[in-house]
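Here the structure comes first, spelled out in structure tokens, and everything after it is commentary.
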Amino acid sequence: MNRGWDLVRSIRRSFSTALNKMEQCERYSYNPTLRWNPHVEEYFIKAYGAEHFSRISKALTRPSCYSCIRVNTLKTTSDAAIEKLVAILAESGFGNTTDCTSTNGSNDTAEVDVREENGTFSKESDVYHLSERKHREPIYKCQIPGLEYIVFVRGSGPHTIEYGDAPGKPLKEVIVSRKCAEAVLRGAQVFVPGVLACSAHVEKGDTVAVSVAVEQSSLESGWGVGFTRGTVLQGLQTADPHYVERNGLYIGQGMTMMSRAGIFRALEGTAIEMTNRVYSLPSFHDVLEGEIFLQNLPSIVAAHALDPHRGERVLDMCAAPGGKTTAIAILMKDEGEVVAVDRSHNKVLDIEKLAAEMGLKCITTYRLDALKAVCKRNQSADNATEYCSKGKSDITFASSNTLKLSAKDAECFTMEESDAGLTCEGDIANKKANQRSYVSKADIRKNARRLRNGPGRNHCMGGRVENSKGFPPNSFDRVLLDAPCSALGLRPRLFAAEETVESLRNHGKYQRRMFDQAVQLVRPGGVIVYSTCTINPGENEALVRYALDTYKFLSLAPQHPRIGGPGLIGQCELYDGLVEEWLRPGEETLVQRFDPSSPLDTIGFFIAKFNVGQKDT
């Protein structure tokens, strides 16, 4: 009898242990569910179907299982870049990787590209499908015709991480912000600003489990993580109110580079060096600068779709961070003019820096809002170009001459007690005379602070960008509008519920206004390429419908190379009764839609190319 009870107890203990292991395995895993606004989710289900949208949502929470690198063919070759990258990755210990599992939920290997000897292309419905490789090199060259200068570096994952958890012995944990986690999943380390909470008694060199805090709904403040930065994690379900929220949101294991106190006192620096990741992708920060550029495959395809030629004048309307701008310039062999504009001063500086690193001379940058890209028509034909393309800043002390004031001048600027607002004689008076503008006390004090604190990013030598008041109509051969969008195609994405049907609709209105500017700027016979990094049909197919219905001289043009799938046909009735029209039969094969759940394993992206006919006078 006792033996029978012993057997029962043994079975119960075994079952309990197995159940506990199962629960721990489920908890300390990476299996997020992307949350959507209910009306947005209903809309996307109508567009894609429930099953397809479920696959898209799952794919969006995972990174692509490869890094796509564009080689600067004006400086090097793909083979030379591969040779250098192999050596770099071997030195870092990244060379031996296993294949990723496809993000569409199957166990098939993600099909990214093939070497000519190991695979072939099949062309179905005018879309390239990439066949499975026999040999899985970690680095290899793309074989899509025309894109041989693209190099792929294979990552690995998802991996099962053994965190070393034990009953009654809580893990040392760190919670990071969602944006930090998305960067870590792409290969970054955990930096100080990204850390939100940490276990007590964490010291430098400790091994910690890293999880992510995804925004939760709050009636008082909308969406938020529900705790303040610096919160102490207890690690036990009974003592930790956020214990359950972290289930399935562990992104890996790392070693702390600072103590807990140091992490929350420091303003910058690496907080955790990731040693064991759910998804392992190499970092290319400061690697082969000027020779390679990390860029998503669809973005490179968008530059090709524009088909720029040597000697042409091309406009990139929303150019930051400069990836497509430099890709266009390289396709033009650095001959002609690529005008890159962005409304952010610092982003224009980034474009200039990238162009300089790549040795490109044909790129001209301006600070300009794309909604004001067409200059006013009240300028005469003789001075329209000069007026439109070279505006001046309204800031009195923006010139480089002013920033070269001597120490003596600086002392004069700080003499606020010189009652009547008198300034120093000599240089200062001459500067005022040359500028022919009133210099206020506020400007004097502001400039004095600049001189005391030293030059910042925007005011160092060469740190000013040229403003523009727009360009005359019909002044460009080709225009690329990679429009600001909802970015619902970027991967990995762990939260999407902040977007509503109304906000998505506002994105579409904004893009139409930009497109109206692009239509005016391109000459008859020219080309417009419109692209977004979102899965939202309202910003993609609906924009194409608007363009074709509004401007009868526009027509959809074939794109080369064609890698993405067809667009969406038909229309959709939204929850408020508004009907949104998309493409008509025959038009779907003239656009490219990149599905994040497809075997290509790219971000969600959309490209439409328009030929510009004779405009109405």
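The values are calculated or read from the model by the stated rules, or taken from the named source; none is laboratory data. Small disclaimer: the values here were computed from a predicted structure and weren't measured. Methodologically, a virtual Cβ is constructed for each residue, glycine included, from the backbone with ideal geometry; neighbour enumeration extends over all protein chains shown. We work out accessible area using only protein heavy atoms, side chains counted, and drop any ligands, DNA or RNA first. Shrake-Rupley method; radii C 1.70, N 1.55, O 1.52, S 1.80 Å.
Flag: Ile528 does not match the condition of being in contact with a helix residue (DSSP H, G or I) (Cβ under 6 Å, 6 or more places away or on another chain), outside any loop (DSSP other than H, G, I, E, B) and modelled with pLDDT under 95.
For segment 499-527, residues that are farther than 19 Å from Cys485 by Cα and not β-branched (Val, Ile, Thr) total 6.
Inside segment 347-371, can you point out the residues that are open to solvent by 40 Å² or more (accessible area, probe 1.4 Å) and touching a residue at least 40 places away in the same chain (Cβ under 8 Å)? Listed by number, the residues that qualify are Glu352, Glu357, Arg367.
Among the residues making up segment 561-617, those that are among the basic types (Lys, Arg) and under 22 Å from Tyr43 (Cα atoms) are Arg584, Arg593. I want to confirm something. Restricting to segment 233-244 and keeping residues that are out of contact with any strand residue (DSSP E or B) (no Cβ under 7 Å at 6 or more places or on another chain) and in contact (Cβ under 8 Å) with a residue 24 or more places away in the chain, which single residue is least open to solvent (accessible area, probe 1.4 Å)? If we take residues in segment 233-244 being out of contact with any strand residue (DSSP E or B) (no Cβ under 7 Å at 6 or more places or on another chain) and in contact (Cβ under 8 Å) with a residue 24 or more places away in the chain, then His242 is least open to solvent (accessible area, probe 1.4 Å). Of all residues in segment 481-496, those satisfying the criterion of being in contact (Cβ under 8 Å) with a residue 60 or more places away in the chain, open to solvent by less than 50 Å² (accessible area, probe 1.4 Å) and part of a loop (DSSP other than H, G, I, E, B) are Ala483, Leu488, Gly489, Arg491, Pro492, Arg493, Leu494, Phe495, Ala496. Of all residues in segment 531-544, those being open to solvent by 10 Å² or more (accessible area, probe 1.4 Å) and in a helix (DSSP H, G or I) number 1.
In segment 64-87, of all residues being of a type in the set (Val, Ile, Thr) and in a helix (DSSP H, G or I), the one that is most open to solvent (accessible area, probe 1.4 Å) corresponds to Val86.
Filter segment 497-525 down to the residues that are touching an Asp or Glu at 6+ places or on another chain (Cβ under 9 Å) and in a loop (DSSP other than H, G, I, E, B), then identify the one that is surrounded by the fewest Cβ atoms within 10 Å (Cβ to Cβ). Filtering segment 497-525 for residues that are touching an Asp or Glu at 6+ places or on another chain (Cβ under 9 Å) and in a loop (DSSP other than H, G, I, E, B), the one surrounded by the fewest Cβ atoms within 10 Å (Cβ to Cβ) comes out as Glu498. Taking each residue of segment 540-552 that is without any contact (Cβ under 8 Å) to a residue 40 or more places away in the chain and looking for partners that are open to solvent by 10 Å² or more (accessible area, probe 1.4 Å) and part of a helix (DSSP H, G or I) with beta-carbon atoms closer than 7 Å, six or more apart or interchain, yields Tyr546/Arg512.
Annotation note: Cβ proximity below 6 Å between a residue of segment 334-346 that is of a type in the set (Val, Ile, Thr) and a residue that is assigned to a strand (DSSP E or B) (sequence gap 6+ or interchain) occurs for Val338/Val314; Val338/Ile363; Val339/Leu315; Val339/Thr364; Val341/Tyr366. When Cys180, Cys198 are checked against the criterion of being at negative phi and modelled with pLDDT of 95 or more, a single residue qualifies: Cys180.
Strands (runs of 3 or more DSSP E) fully within segment 249-340 that include at least 2 residues being crowded, with 16+ Cβ neighbours inside 10 Å and β-branched (Val, Ile, Thr): 250-256, 270-277. When you check Val212 against the structure, is it within 14 Å of Leu494 (Cα to Cα) and open to solvent by less than 30 Å² (accessible area, probe 1.4 Å), yes or no? The answer is yes for Val212.
Restricting attention to segment 312-345, the residues that are within 17 Å of Val301 (Cβ to Cβ) and of a type in the set (Ser, Thr, Tyr) add up to 2. Listed here are the strands (runs of 3 or more DSSP E) enclosed by segment 573-617 that have at least 1 residues being over 24 Å from Val301 (Cα atoms) and charged (D, E, K, R): 579-581. Which one is nearest to Val278 (Cα to Cα) among residues in segment 45-63 that are surrounded by fewer than 19 Cβ atoms within 10 Å (Cβ to Cβ) and charged (D, E, K, R)? So, considering only residues that are surrounded by fewer than 19 Cβ atoms within 10 Å (Cβ to Cβ) and charged (D, E, K, R), the one nearest to Val278 (Cα to Cα) is Lys58. In segment 384-394 there is no residue matching the filter, namely being at pLDDT 50 or above and within 20 Å of Gly322 (Cα to Cα).
Thr270 satisfies every condition listed in (1) under 30 Å from Ala355 (Cα atoms); (2) within 21 Å of the chain's Cα centre (by Cα) except (2). Among Gly570, Gly577, Gly613, which is open to solvent by 10 Å² or more (accessible area, probe 1.4 Å), small (Gly, Ala, Ser) and touching an Asp or Glu at 6+ places or on another chain (Cβ under 9 Å)? Going through Gly570, Gly577, Gly613 in turn, just one is open to solvent by 10 Å² or more (accessible area, probe 1.4 Å), small (Gly, Ala, Ser) and touching an Asp or Glu at 6+ places or on another chain (Cβ under 9 Å): Gly570.
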